[in-house]
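Bear in mind that the values in this text are calculations on the coordinates, not laboratory data. These figures come from a predicted structure and were not determined experimentally. Note: ideal-geometry Cβ built from the backbone for every residue, glycine included; neighbour counts use all protein chains shown.
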Amino acid sequence: MTPRSESVIADLRADAARVDEWRDRADRLLAAEGAGHLVHDLPVRADGRTASPSSRPWRLDPIPFALDTLVFDWLRAAVTERMQAIGAVLADLHGDRTLITGGTVPPEVLHASGRYRSDAVGSRPPRWLTTYAVDLVQTADGVWHVVQDLTDAPVGLGYALLDRAVMARVAPDVMALHGVAPLHGYAPALRRALASVSPVESPRTVVFSGGIDHPSYIEQSYLAVQLGVHLAEGADLVVRQRRLWLRTLDGLEPVDVLYRRLDDAAIDPLEADGHGAAGVPGLLLAVRSGGVGLANAHGSGVIEAPGLRPWLAAAIDAVAPLTAAIDMLPAGRRDFLTHPLATGEPAPVVLRMFAVDDGERVTVLPGGSGRVLAPADDPAEPMAGLAKDVWVLGDRAVPGRVWRLPQVDFARSVPTRVADSLYWMNRYAERAEAMTRLMRTIDSRFDQDPALLLVDDGRLAERAARVLHIIGGMMHEDGPPSGLDAALGSVNHALVRVTGSLLTEATQVRDHLSSTTGRVLEHLSRLRSAFDRHLADVDSLDAALADFAALAGLWNESTVRGPAWHIGDLGRRIERAAVMVDLVSSTVIDDPDPWTVEVALAAAESLVAYRRRYRSDVEAEAAGRLLVLDVDNPRSVAAALTTARAHTVALEWADGTLLVDDGLDALRRPLDVALPLVGEVGERLGAALVRRWFSAPTEPVAMSGRMS
Amino acid sequence: MSRAGGEPGTRRYRVTHRTTYSYGAEMTDGYSVTTLVPRTTPNQRVLSSTVRAVPEPDEHEERLDQFGNPIVQFGVHRPHRDLVVESVSVVELEPPVSPVDETPWEEVVAILDSMVGQDALDIRPFRATSSFTALDPGSGAAAALDDLTRRAFAPGTGIVDGARALCSAIHGGFGFDPTFTEVSTPLADVLAARRGVCQDFAHLAIAALRWLGLAARYVSGYIETEPPPGQPRLVGADASHAWCSVWTPGAGWVDLDPTNGHLPVERHVTVGWGRDYADVTPVRGVVIGPTAEQRLEVAVDMVPVDA
């Protein structure tokens, strides 16, 4: 009898048209979900780093990897047992070390591996492995083999959950028909397992991330959202009094459990053989003192050392003999069972399975991540970038068991770094929107009436170029404008740069933004790539304006108010006032020609309001009042300052309120005097805000040393 | 020569080791881990040892590392432009005994291969290559190391004789040159230029001994340097020093100082040992603040004291 898994796959393959359609949808959804977490194609950041190219999204093959219930049950038992046995091996290697004294594992192998952590020897964590993953592959004879164990900070769970989220959107009917086991019980099981690492009643957990430059940043950010906990980087965390703390707007908040997504060697630069200055100085001191629980325990990565591999089976046999053993894949063996792909020849697939241990039971994910092997690939490192969702076939949908944990109130405790990014994200968004709108305004005017280029011997075009330069922030560095086309070109370039900065900041706080925001960012990132290739046209500028409007709307309507929101919105108001000061100064004050003033009104989305109000030709003085002083015009300087003032009051930031009041006072003076004063206040306010709220430390620097 | 000690022939020293970091800006946090407290050995007694830091640390922890070296860890959590770490230790050294063990080195390797029990934990880790002693196996540096090693350890050579020959070969064949290397200079460069400092020569000897399958460890400490005849002893003219030990079945760990060509070592105060420099760096750590610049000054003073 053909196993059900095979007939399910055969049925799917028979319907090629549908599979094609699935693949297209899967591509789109993965781009929206995955890329929403890491907006790729990022520019070089202010600090010179770029997002890692290896974190590019992968593709999902729409034909799943199917497992019959019986096979899965057998694998589950084997994985459970193996995880526990490896935990016992780890406990021995760092505790009694009978494996070494008894001659099972040569100590040279451990010490030469670079992964046997000196500071872990002698430690007794509550549990060595809280999370575990194992790569399995079937040889041509159908026998399952272990390719590798992942014990340090196993990667891939987030991708497996993400792939499933996509497949559940693409093929819900087929999945229901075959009773594919759901995965929704796993995140709660993981949360519970992480909590059990700490003796504290309702422990505060954070995901310890490598930041935007880490190859697995998408997964780290996605897992933080799934777990409902903060994503923290090294600089967000600090050890004091043998405890771990999160730097937040409200000061230091204790952290009880650290779900580390970084390897052993990278978590504490004070460790004897730690690598570089990354990580949290003193973290291992806090761990040793019981000040924070670590999952997985420090040192658990030694199992991944290639040198240990030949000795692992004997080590397991010595401390915890397996009843359902799966043999390790013999080196060099490459005759693998192949699986059909949506396109191309069938190929071998490495199955990564995931498990969590909460101390009472091991939960194995009823699914996993299938990774397609290209012909020359090392099974431990598939390079094809093609994944398969893993279906465990059942008779009916299994209701997920939902574990409930006591809720932890983290409401006010937004990490300082998050507020920092939200602040800059909003400033960049406001500036990028202003540039886009001005380009759109000027472009469309010259498009509709090319004769304008010749008006006044081309002086009109020169004046437009000048305004573009000022709003693009390039007046000083790039010298005087030299023609409209050149000005449009350099503003386009500035727009690409500023939008890139906006996307980078947003990516770093992706776990604090809604999924809809992720999609808008993804779309904006595509537009930005297009602008980078050729000058933006009116239609794509319109599309970008819609994205900016969506971001502003989501920011206002879908973000919980709190200190971080106030700080982020302060960024938007400070930038808006700055933009308006630039715009009005360069038109109404310096060049009060009706044409340029009308451009300013249009670029500030105030032309209609002007016409309704004044029913006259454009006059500089009235336009100035509308753009600067009219509190009812949300685009005006006065409105921006008034809103900024409310934020400083909400933040109980008296120095900020005084500064904004200086700006409001300045508005009582003639415009040509007021505007430079307001510009100056904006700069001082921004600087004061950074000082007051983001005194985040820089990266640690290693102390040098030398003997002769 | 006999400086008065508790026993005839013993020497007593006070060692002051002062490390000063100047950052040129206010740093917000500083964390340091020190291996500065000398440990007791068969011929060394530690009469007193203190380590302190300025500014006064907010956090202070003492523990033993996996090799049994005393570690003192500090955390300073307020603004500081300088950090001073100073250790003061008084130790007493027995006169050195010339070690005797004629076991052929191949036999020592065989003993190590089958070593189990506590010895497997204490001795065998020192056979593994570590970051400071690793060489690319097919490289010219590896060939040079092999040559150096085979000359000292002809087949059947006794373990102590071989170690002594290796020590002389390094002392005679390599020039002491503090300007050539830095902490991170790879061993391959030292082999190519045939120049280096004590730390490089210790790593070189360790790499050679491990090349054969022997167990060798890195020793960090101090050495008393005699002033030139007729000149007064200069305070601060003594330096941190590094040498190594090789394990022998008959005489245990045998110290050798390839920088000075000595076996056994004399007037050497042992602080600690490990697989290489990284395990026993006297002062290391990280500092957090607005600048990556730092100036480091180290002053070591080793003076004989009366009992």
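When Rg and Dmax are taken over the Cα atoms of region B:29-158, they come to 21.0, 61 Å. Let me make sure I get this right: for region A:577-643, a, b and c are the square roots of the gyration tensor eigenvalues over alpha carbons, sorted descending. Under 1.5 in a/c it's rounded, otherwise prolate if a/b > b/c, else oblate. Which is it? Oblate, since a/c reaches 1.5 and b/c is not below a/b.
Can you give me the Cα centroid spacing of region A:3-25 and region B:60-90 in angstrom? So the separation of the two Cα centres works out to 64 Å. Just tell me how shielded A:103-109 is by partners: mean number of partner chain Cβ atoms within 10 Å of each residue's Cβ, no decimals. Neighbouring Cβ atoms belonging to other protein chains average 5 per residue here.
With Cα atoms as the point set, the radius of gyration and Dmax of region A:598-680 evaluate to 14.0, 45 Å.
What number in nm² do you get for region A:258-378 if you take the convex hull of its Cα atoms and divide its surface by four?
Projected over every direction and averaged, the Cα hull of region A:258-378 covers 11.2 nm².
Relative to one another, the C-alpha centroids of region A:604-669 and region B:28-45 are positioned 64 Å apart.
Computed from Cα positions, the angle between helix B:198-211 and the longest principal axis of chain B comes to roughly 40 degrees. Each residue, A:S482 and A:I589, gets one label point 7 Å from its Cα in the Cβ direction; the gap between the two is 2.8 nm. Residues B:I111, A:I567, ranked from the fewest to the most other C-beta atoms within 10 Å, line up as B:I111, A:I567.
With contacts taken as Cα pairs under 8 Å at a separation of at least 6 residues, region B:52-139 carries a relative contact order of 22 percent.
As a proxy for reagent exposure, A:W74, B:W211, A:W424 were ordered by neighbouring Cβ count within 10 angstrom, fewest first; the result is A:W74, B:W211, A:W424. Would you mind getting me the FRET efficiency between B:A292 and A:N556? Use the beta-carbon distance for r and R0 = 30 Å, nearest 0.05. Calculated value: 0.15. Measure nothing but the geometry: give the 0 to 90° angle between the long axis through the Cα atoms of A:594-603 and the longest principal axis through the Cα atoms of chain A, rounded to 10°. The angle comes out at about 20 degrees.
Given the peptides A:293-303, B:269-279, A:308-318, A:191-201, arrange them by the average over their residues of other C-beta atoms within 10 Å, most packed first.
Details: A:293-303: 26.0, B:269-279: 24.2, A:308-318: 17.0, A:191-201: 19.4.
My ranking of the peptides, most packed first, is A:293-303, B:269-279, A:191-201, A:308-318.
Remark: spin-label model distance B:S48-A:A546 equals 8.1 nm, labels positioned 7 Å along the Cα→Cβ axis.
Compared with the direct C-alpha span, the chain from A:R4 to A:E201 gains 66.4 nm at full extension, assuming 0.36 nm per residue. Under a model in which nothing but the beta-carbon of Lys, Arg (+1) and Asp, Glu (-1) is charged, chain A shows a dipole of about 1500 debye around its Cα centre.
Mean projected area of the convex hull spanned by the Cα atoms of region B:161-272, taken over all viewing directions: 7.8 nm². Applying D = kT/(6 pi eta Rh) to region B:262-307, where Rh is the Kirkwood radius over alpha-carbon pairs, T corresponds to 37 °C and eta to 0.692 mPa s, the Stokes-Einstein value obtained is 222 µm²/s. Peptide B:119-131 shows a mean partner chain C-beta count of 5 within 10 Å per residue C-beta.
Charge tally around A:L641: other residues with Cβ under 11 Å, Lys/Arg +1 each, Asp/Glu -1 each, net 0. For chain A, find the longest principal axis of its Cα atoms and tell me its angle to the long axis of helix A:69-94, 0 to 90°, nearest 10. Approximately 90 degrees, to the nearest 10. From the helices alone, meaning DSSP H stretches of at least four residues, give me the mean residue ellipticity at 222 nm for chain A, per-run term -39500 (n - 2.57), in deg cm²/dmol to the nearest 500. The helix contribution divided over chain A gives -15000 deg cm²/dmol. Using the beta-carbon distance between A:H493 and A:L337 and R0 = 51 Å, what value does 1/(1 + (r/R0)^6) give for FRET efficiency, to the nearest 0.05? FRET efficiency, A:H493 to A:L337: 0.45. Here region B:7-42 is scanned for amide nitrogen atoms under 14 Å from the site 7 Å beyond the Cα of B:R81 along Cα-to-Cβ, giving B:21-28.
Just tell me how shielded A:262-272 is by partners: mean number of partner chain Cβ atoms within 10 Å of each residue's Cβ, no decimals.
Average per residue, whole number: 3.
Within the shell defined by Cβ-Cβ distances under 13 Å, the residues around A:R611 carry a net charge of -1, with Lys and Arg each +1 and Asp and Glu each -1. Mean projection of the Cα convex hull over all viewing directions, computed for region B:82-219: 11.3 nm².
The packing ranking of peptides B:137-143, A:128-134, A:156-162, highest mean first, is A:128-134, A:156-162, B:137-143, where packing means the average number of other beta carbon atoms within 10 angstrom of each residue.
Each Lys and Arg Cβ is given +1 and each Asp and Glu Cβ -1; about its Cα centre, region B:210-307 then shows a dipole of about 360 debye. Under the shape rule built on the C-alpha gyration tensor, where the axes satisfy a ≥ b ≥ c, the protein assembly as shown is oblate, since a/c reaches at least 1.5 while a/b does not exceed b/c. As a length-normalised measure over Cα pairs under 8 Å and 6 or more apart, the relative contact order of chain A settles at 16 percent.
Rounded if a/c is under 1.5, else prolate if a/b beats b/c, else oblate: with a ≥ b ≥ c from the C-alpha gyration tensor eigenvalues square-rooted, which is region A:130-199?
Taking the square roots of the gyration eigenvalues as a ≥ b ≥ c, region A:130-199 is oblate.
Shown is the FRET efficiency for A:S444 and A:R692, computed with R0 = 30 Å from the Cβ-Cβ distance and rounded to the nearest 0.05: 0.10. Near B:A134: Cβ cut-off under 10 Å, other residues only, Lys/Arg at +1 and Asp/Glu at -1. The net charge is -1.
Counting every other Cβ atom within 10 Å of each residue's Cβ, A:H339, B:H203 order from fewest to most as A:H339, B:H203.
Expressed in nm to one decimal, what extension gain is obtained for the pair A:D250 and A:E462 from 0.36 nm per residue of sequence separation less their Cα-Cα distance?
71.3 nm is the gain from fully extending A:D250 to A:E462.
The protection proxy used here, the mean number of other Cβ atoms lying within 10 Å of each residue, ranks peptides B:166-173, B:154-161 as follows, highest first: B:166-173, B:154-161.
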